[in-house]
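Here is the structure we will look at.
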Amino acid sequence: MTALPNRKPAGIALIALAFFMAPGWGATEKSRYTTASGNNAEQYESPSRATSIFEKYISERLELGVRYVQVWLTDKDRKSASKKNYLGSINHLDEQQPHAPYPVVYYYFNPYLGFTLTFDRFGAITLKTESNVSTFTDGTLYVRGPVLCLRGRWPNETMFTPYAEVGAAYYRGRFKRDHEWAHTGATRIMEVDNDVAPVVAVGTDIEVRPNWHIELYGRYSEVSIDGRFYRNYRPVPRRGTFTLDHIAYGGGVKYAF
């Protein structure tokens, strides 16, 4: 009999060829996802889109931080005969400082121009004083609200980036009555309004590590809160204005994406 040719090597070669030519085999993970189906291809490519969005809208544009400031009232004394009291017998205000830092969002449209959004809160203790001696307090006037500013900065080769801001703050007023004043001898009520206050600020950012900055900050704002005082629920109140013009100064820390 004629011997049959040995087909084993040829069979192994065909199997190996089919193995490497099969869809998805012998290719990278990306090509497997791409050749499997259109949906999988989109799922694989979505991280590159996310990277593109980050680089276009967040990287070197968005910064997040916290800032703490102290407040100094620039019109805190009305004891002079030439000045009118704020309301009734109230002729002096003492600062009630913020208790904690507040978050700040920074966003830049280009290397030079952007905006900041933060929150602010402080108070003024109302006093009647004679010869610099406090006689009594009606309570504490608190204001709080968002502060939105347009910011311009000057990028340069140093670690310092100076900036200036202009914007507005929306302050909501709240009067916390002193317990003794509110309930001794008569019922006393103090109502206060809100105010939209202009804001200007200057400062500098200091890059201490890649992406990490310390901020030095100073701000001036003019705040006027109208008030109405009622005694024993009389329909006609006594009116006045609390002038809370102030300089705020402090600093913070932030991260630049």
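Residue-by-condition table, conditions (1) in contact with a Phe, Trp or Tyr (Cβ under 8 Å, 6 or more places away or on another chain); (2) without any contact (Cβ under 8 Å) to a residue 40 or more places away in the chain; (3) farther than 24 Å from L148 by Cβ:
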{"position": "T187", "(1), (2), (3)": "yes, no, yes"}
{"position": "A201", "(1), (2), (3)": "yes, no, no"}
{"position": "W212", "(1), (2), (3)": "yes, no, yes"}
{"position": "Y217", "(1), (2), (3)": "yes, no, no"}
{"position": "S221", "(1), (2), (3)": "no, no, no"}
{"position": "P235", "(1), (2), (3)": "no, yes, yes"}
{"position": "Y249", "(1), (2), (3)": "yes, no, no"}
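The single condition among (1) in contact with a His (Cβ under 8 Å, 6 or more places away or on another chain); (2) more than 16 Å from Y217 (Cβ to Cβ) that F122 does not satisfy is (2).
Scoring K84 on the criteria (1) surrounded by 13 or more Cβ atoms within 10 Å (Cβ to Cβ); (2) over 30 Å from A256 (Cα atoms) leaves a single failure, condition (1). Give just the number: which of (1) farther than 17 Å from V104 by Cβ; (2) assigned to a strand (DSSP E or B) does V236 not satisfy? Looking at each condition in turn, V236 falls short on (2). Reported count of residues in the stretch 142-187, each being at positive phi and at pLDDT below 95, is 1. Considering only the stretch 113-125, I want to know if a residue exists there that is farther than 17 Å from A248 by Cα and not aliphatic (A, V, I, L, M). Yes, that holds for at least one residue. For the stretch 239-257, the set of residues classified as of a type outside the set (D, E, K, R), part of a strand (DSSP E or B) and farther than 21 Å from T126 by Cβ consists of Y249, G250, G251, G252, V253, Y255, A256, listed by residue number.
Only one of the listed residues (T135, T129, T158, T187) is hydroxyl-bearing (S, T, Y) and surrounded by 13 or more Cβ atoms within 10 Å (Cβ to Cβ). That residue is T129.
The residues of the stretch 139-156 that are over 19 Å from the mean Cα position of the chain (by Cα) and free of Cβ contacts under 8 Å to residues at least 60 places away in the same chain, listed by number, are G139, T140, Y142, W154, P155, N156. So for the stretch 190-204 (the condition being out of contact with any Asp or Glu (no Cβ under 8 Å at 6 or more places or on another chain), modelled with pLDDT of 95 or more, in the same structural domain as V143 (by TED's automatic domain parsing) and within 30 Å of E55 (Cβ to Cβ)), does at least one residue qualify? Taking every residue of the stretch 190-204 in turn, none turns out to be out of contact with any Asp or Glu (no Cβ under 8 Å at 6 or more places or on another chain), modelled with pLDDT of 95 or more, in the same structural domain as V143 (by TED's automatic domain parsing) and within 30 Å of E55 (Cβ to Cβ).
Has the stretch 69-81 got at least one residue that is of a type outside the set (S, T, Y), at pLDDT below 90, under 30 Å from Y112 (Cβ atoms) and surrounded by fewer than 12 Cβ atoms within 10 Å (Cβ to Cβ)? No.
The values are calculated or read from the model by the stated rules, or taken from the named source; none is laboratory data. Treat the numbers as computed from the prediction; the structure is a model and nothing was measured. Because the Cβ atoms are built from the backbone with ideal geometry, glycine has one as well, and the counts that use them run over all protein chains shown.
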